[in-house]
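Worksheet: one structure, shown below.
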Amino acid sequence: MMTQAFIIAFLSLCGAGALLAVAMPRTRQGSILAVTGCLAAIALMLAGSSTLISGENFLQPLWELPNLGRMTIGIDQLSAVFLLVTGLVLFPASIFASSHLERGAISNGSLFTVLLLALYAAIGLVFIAGDALSFLLAWEAMSIFSYLLIVASRQQEDGKANSGFLLLAMGEAGTLAAVLGFLLLAAGAGSLDFSAIQGTSPGLGSGLRWAVFLLTFFGFGVKAGLVPVNFWLPRAYTAASRAFVPVLAGATLNLGLYGILRVNAGLMPATDAAPGLVALVIGTLTALVGILYATTDNDLKVILAHSSIENVGIVVAGFGAGMVFVATNHPIPAAIAFVAALYHLINHSFFKTLLFFGVGEVEKQTGTRDLNNLGGLIKWMPLATLAFLVGTLSISALPPFNGFVSEWLTLQTMLRSTELSSAAVKLVFALAGAGLALTAALAVTCFVRVFAMGFLGMRRLNENRQLLEARAGTLAPMFILAALCLGFGLLPTYVIPTLSPAVAPLAGASASDALVPPFFASDPAHSALPSTFVKDFHDLGAQIGQSFLPGRGLVVLHRGGEENPVVFAMSTSYMAVALIVLLGGTYVVIRLWLTRRRKLRQRKRWDGGIRRLLPEMTYTATGFSNPVRVVFDAVFRPTTVEDTRETVTRHFRTAILREQERTHPVDKLVFHPVRAALLRVARALAYLHQGRLNTYATYALAALAAVLVMYLIQASW
Amino acid sequence: MSPWVIKGIRTGIKTSAYPRNAETAAGVTPGLPVSSQMDTGAARALVDICPTQVFTIINGRVNVDVDRCIHCYRCVRGVEQPARWDSTYEWGVESNQKKNLLPAFRKSINICVVDAGDCGSCLNEVRQLSSPYYNIHRLGFFITPTPRHADVLLVVGPGTDHMSLALQKIYNAIPTPKRVVAAGVCALSGGVFAESFTCSEGVTDILPVDVEVPGNPPPPLAILHGLLVAAGRKPPVDLQPGSSQANATGE
Amino acid sequence: MELGLKEQVKERWAGHAKCRYDDRSDLCEITCARASLAELCGWLFIDKDFNFANLIVEEMPAAWRLRYIFYGGAGSGWVHVLASALCSEETFPSIVKFVHAADWHEREAEDMFGLTFEGHPRLGDFILHDDAWQENVDPMRHHFDPQMAIRYRKPAADWRPRRIVQESGAFVMPVGPKYSGVTESVHFLLETVGEDVIRFMPRLFYKWRAIEKIAEGKPADEVLLLAERFAATTAFAHGLAFCQAVETACAADIPPRAAGLRVFLAELERLRQHAGAIQEICESTALAVAASEAGIFEEDLLRISGELTGHRYLFGMLAPGGLLLDLPDNDCRQALNKSQAVLKQLDNLETELRVSSSFLDRLEEVGYVQQQVAAAYGLLGPVARASAVAHDLRREQPYSGYSQFRFEVPSEQEGDGYARLRVLFSECRQSVHIMEQTVAAMPGGGVLESFKPREGAALGWVEAPRGAAFHWVRLDERGFVTRYHVAPPSFANWHGFHVAVENFAFQDFPIMLATFDLSVAENDR
Ligand code: SF4
């Protein structure tokens, strides 16, 4: 009942905060948001963790609706994980939002506070919905509040309403698809209740299953940003205020992934490998397209948005792999795949929120997000830079940070495909693995570029503008998330067993035994592992820490089956210790011993003897990514327009103007038609609502209601 | 690429015997005037004819300040009593500023070559050092583009105004221990450019020079000797025996 | 000189220009009003196909005199366009609208004298770097006081490169002044977005020694030392041009033997300089064996020069009126024999380079200069000849008896790096061919004839290894130099170099630099 209390606390905190925000003057909005937002986030975390700790699912039927059945809320282990993560993200995000609210990010503070808290509530409700109706209602509320939040924050005028509308239109299209999917499921089950649907879904025909899969996959995929329905995402992120965009990236993005996982792995476990393969392929493509765009763009927010798309791709690829393993009856690899995907999803929430905090602060201080105009920020904001660096290291999947662990797991999952029987499936896995590896490499390029061009080197624009270190309201949230990134990187052997129960029902097996062998346990517990194996690992020191650390061990181990006797082992914990010892040792040996008598002199960088190195003489972000762009061009063939202006005669040039128009085939073949179709729909809708928000919201709800009514009619037959 | 390998082998070894033995080929050095005893009239004639005031008469002896000789040959061509001329090439001299250098390097050295306004010939002679005839790599000498890796700074040219800041930056960028070799009369005294308002009278005005190599331009072997002196592998020579007083008082 | 030019000027420019024709030197002096200066020069350059050689600014006691020197192809002589203005007026019309080749000449005059050229789009920050010197330093003016200029030194603190590339993410990549192994000091600013050079801006004159200023007030034989030593890789050619200017100004004749030896030595220097250029091209493509081979040849030729004349760069040979030192016929023959041996090996090297595909890949279609562009920029020497602009002063305005010798002027059509390399090899052959003829027909007699100095001014020109060099000398009655101005070939070729490098990738840059065989010392003076 603890869980229930926490949920009630969460909802009432959101409500109370919203009421206070309406009642109190403008100057107080920041503190209201900080206090109630943080408390609500804590309540959310507690609700999630109490479920995780007790290991018991929580189910609470609410009221009965005529003809629609019972509305239910429930928290199973999967929802609990999402709740916990959302709480962990919303906590720092509230501090950040309130701090930037006070610093003028938003003009209408109370409206923003109300909407943001409402959005929190909606997000929480999506996770705890126990039946299709509550789920869809919460989802719809979430969509509308997101839209209103983008529109309400009038930081920059042009294009904002448009982007918000695009977000809503896309979200609505996705929602309608998902509703249809749900209805198909519900029709099969005769009930909207999740448990009922789950019980009957195995009996569905394959055509129906495909329909449900495609509708929900792409329907929820809109929210997550899957190719080809991802073009709205960078635009929405750039339009959203810096106070709000971390929530968008860290919390609402996860909803789409939750939807996909809930339906296609939870409610309707795969019986056929094909949908899983579709998910795998789409995920890999999404990852590649996302990172390529991210690497070649110069707007920090756009880069991060495309990088979100990339990470969503990795997560979905993991889901797909899990679905294939489930369908082919390999429960343990399936569990590993789901754990990997879930782990990466969590990591992405942490580091992406962290990075958006950093970008928000940079934008606030410098007035620009263009990497070509930034540079040298480390001199002015060393602490914020440090936290941002943690974020970039994590997102680049470098040990000992969290991104490394989940990407390692994901790539290992791909290697497990050797156990599958079909050669075609193996090939798809191999290609996906290669694609993901390429993605990982490009991600490093991308974020080396972001960090180097933004924070190192010389300042390129507004050299005289005063810059300050970020304030506590920004630094605290950044460091909270940086600590989480490091923690989730250092201690995967504690995270994996926590995630394992959440995915066990989806996969039919637990991953913790397979991934985290109990090297800390005394002998009998090792029975699952061959004794020589254990001995070898003990000789390597896998039991170090046994006497003073709880848990199963510090080594993540990945073992193929009998027919595939390979072993992959990794321990970021030991790695970190070794790194510290090695680097520290090197420092001691070189600096304190070998060169202790030498005076260190610091010299300016060597600049070729030039009189003064100017900022415009340093490498730009465009220049840095040019090799990637050139490779990209060979595939995508942009059109370059060059125009040379001359004075006096044709040999005196005054300007060389060069414009690159990139119409990528992906754009041409997929985005443009989809966008055109959607805009047509949107225009029709716009015509209907004649530019007035509330009317539009009514229409959207009416559409939802109409679908439900159709369902009612069908159900009452 | 095998034809090139064969061609290379066919060419055989061209490398100079120097520094182990003397180089005897013709045309490797333009030589230098040397101090000598002369009758007063002839000595006066030399003092008058030399455009860069190389000669001074001290106690009836014609003294030579090799730091100033620009190889115009007017003291040997078309005069009745030519100056004494010596076709040596070991011209590495310890700078007046730094006497009794201690060897600073034990192993191979990296050389940063800087052009401070030379006429192209000094630099061309430095370029020859990498050709098979001189092949300084066999001696563990390497040319490096960046002062950060350099041990020795080899400067040619008089030190133009536009280059002086760069010269200082380069000198500062070289880690210690370091040696500066100034090659060519322009680097030592400004040569024909000394009186220009855009040139220093040699880079000695800008940098602390350790080893000086006269000549306009110094032939590759002379530069090589200067480098060997800087590396502490050859003793410096004294090109003006007994004339240190004259140097100290100047003209 | 076709007789028509004088009449044509009279006809077309009646009332604007006066024409004076001197038969002995085949020189047509056109005195032109400032208002029609640009059109007249444009008419000569574009319609009459004259080449632009030099712009000489002289500060006469009461007036500025500007002398634009043009020369025609074989058979047509020299045209000097004169314009003057009172000393108080410092503005002249710019001729760059029609004569692009005069671009840098006008910039130089602006920097050195403080003159303004109306209509020139880009004056200033040329020889005197704006981030090193204040405005209003006019070093070549008579009243210039270097002490004051240095004492009140005030460089522009906010100097920024003049960027013209407007593309998101474009930046300026600075190279130098110290940028590679053994290289002359020069600074490049490359505008780029990361792979290709979109625009190339050289910042020269880091090595500016102001030799023209040093020369003023010095006797001619001391200025000769400067002429030899400002760009000593081609010392003999520049020394020769200077001597010829002095000899022309004083109407002195030189002994025939001196003329023959001068040709012999000039061609020896050309051969040696071209071997060096070939060495640098091979080295820039990292073809180690070929670079070593060419290095051997260059050193061989340096030694031949050293053995023959005592100095590896032929210093101390020239004197106004002839040569300081007579070279025995036998020595010349030996030097010739050795040079012929080197040439044979050079020919072998060329044969092998022509079949090294990896080498050709890096030269062909790299650093392309079109014929029209080469002509418009007034490119000179092997660079121009590789772009089918086959001018050669030895043929068109012969000096020192070149008219007696049979030789070809090699030229190529392609205008790329490989064409320039081929021109170098062919010219090596022609040089040895000329040396053979001089040795075979070496006149006897003395090599030095003294002459009486007199007041006057003249232009001396040679086809130096890198292209045509023009030395203008004005002497006072004692034979002291009052104005000395050099237009070296590298000055023209640096001006056009940007055409070759733009729109090529960075990694080809050193190769293009090597194939242009540019000398910074020669340009910076
Ligand atoms: S060769 Fe040297 S010493 Fe002789 S006159 Fe010339 S500068 Fe003077």
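Of note:
- Considered as a group, the residues in segment B:66-78 that are surrounded by fewer than 24 Cβ atoms within 10 Å (Cβ to Cβ), without any contact (Cβ under 8 Å) to a residue 60 or more places away in the chain and not charged (D, E, K, R) include one that is nearest to the other protein chains (Cβ to nearest Cβ), and that residue is B:78.
- Enumeration of residues in segment B:26-40 that are closer than 14 Å to residue B:87 by Cα and within 16 Å of the ligand (Cβ to nearest atom): B:29, B:30, B:31, B:32, B:33, B:34, B:35
- Residue in segment C:149-164 that is facing another protein chain (nearest Cβ under 7 Å), under 30 Å from residue A:373 (Cα atoms), open to solvent by 30 Å² or more (accessible area, probe 1.4 Å) and aromatic (Phe, Trp, Tyr) present: no
- Top-ranked residue in segment A:457-483 [being at pLDDT below 90 and among the aliphatic types (A, V, I, L, M); ranked as nearest to residue A:242 (Cα to Cα)]: A:470
- The number of residues in segment A:451-503 being among the charged types (D, E, K, R) and within 16 Å of residue A:389 (Cα to Cα) comes to 1.
- Criterion violated by residue B:41 - all others in (1) at the interface with chain C (Cβ under 10 Å from one of its Cβ atoms); (2) modelled with pLDDT under 85 satisfied: (1)
- Restricting segment B:186-206 to residues that are open to solvent by less than 10 Å² (accessible area, probe 1.4 Å) and more than 10 Å from chain C (Cβ to nearest Cβ) leaves a set whose member that is farthest from the ligand (Cβ to nearest atom) is B:203.
- Taken together, the criteria place residue C:315 among residues that are closer than 25 Å to residue C:446 by Cβ, within 16 Å of the ligand (Cβ to nearest atom) and crowded, with 23+ Cβ neighbours inside 10 Å.
- Criterion violated by residue B:85 - all others in (1) at pLDDT below 90; (2) crowded, with 20+ Cβ neighbours inside 10 Å satisfied: (2)
- Screening B:110, B:100, B:96 for residues that are more than 16 Å from the ligand (Cβ to nearest atom), at pLDDT below 90, touching a helix residue (DSSP H, G or I) at 6+ places or on another chain (Cβ under 9 Å) and polar (S, T, N, Q) leaves exactly one candidate, B:96.
- Condition met for residue C:153 (modelled with pLDDT under 85, over 15 Å from residue C:111 (Cα atoms), outside the structural domain of residue C:60 (by TED's automatic domain parsing) and not small (Gly, Ala, Ser)): yes
- Residue in segment C:179-205 that is surrounded by the most Cβ atoms within 10 Å (Cβ to Cβ), counting only those that are at the interface with chain A (Cβ under 9 Å from one of its Cβ atoms) and not in a strand (DSSP E or B): C:185
- With respect to (1) open to solvent by less than 10 Å² (accessible area, probe 1.4 Å); (2) within 12 Å of another protein chain (Cβ to nearest Cβ), the lone exception for residue C:342 is condition (2).
- Against the test of being more than 16 Å from the ligand (Cβ to nearest atom) and either open to solvent by 40 Å² or more (accessible area, probe 1.4 Å) or away from chain C (no Cβ under 14 Å) (or both), the options B:63, B:59 yield a single qualifying residue, B:59.
- Qualifying positions in segment C:497-525 - of a type in the set (Ser, Thr, Tyr) and away from every other protein chain (no Cβ under 11 Å): C:515
- Among the residues of segment A:461-487, just one is assigned to a helix (DSSP H, G or I), open to solvent by 60 Å² or more (accessible area, probe 1.4 Å) and within 15 Å of residue A:364 (Cα to Cα), namely A:472.
- The single condition from (1) loosely packed, with under 13 Cβ neighbours inside 10 Å; (2) not in a loop (DSSP other than H, G, I, E, B) that residue A:575 fails is (1).
- Close pairs from segment B:24-36: first within 12 Å of chain C (Cβ to nearest Cβ) and buried (at least 23 other Cβ atoms within 10 Å of the Cβ), partner part of a loop (DSSP other than H, G, I, E, B) and acidic (Asp, Glu), Cβ under 9 Å, at least 6 apart: B:29/B:23
- The set of residues from segment B:44-56 being more than 14 Å from every other protein chain (Cβ to nearest Cβ) and within 9 Å of the ligand (Cβ to nearest atom) comprises B:46, B:55.
- Test: residue in segment A:204-218 that is open to solvent by 20 Å² or more (accessible area, probe 1.4 Å), under 21 Å from the mean Cα position of the chain (by Cα) and modelled with pLDDT of 80 or more: yes
The values are calculated or read from the model by the stated rules, or taken from the named source; none is laboratory data. These figures come from a predicted structure and were not determined experimentally. Note: ideal-geometry Cβ built from the backbone for every residue, glycine included; neighbour counts use all protein chains shown. Ligands, DNA and RNA are stripped out before the accessible areas are found, and what is left, the full protein with its side chains, is counted by its heavy atoms. Shrake-Rupley method; radii C 1.70, N 1.55, O 1.52, S 1.80 Å.
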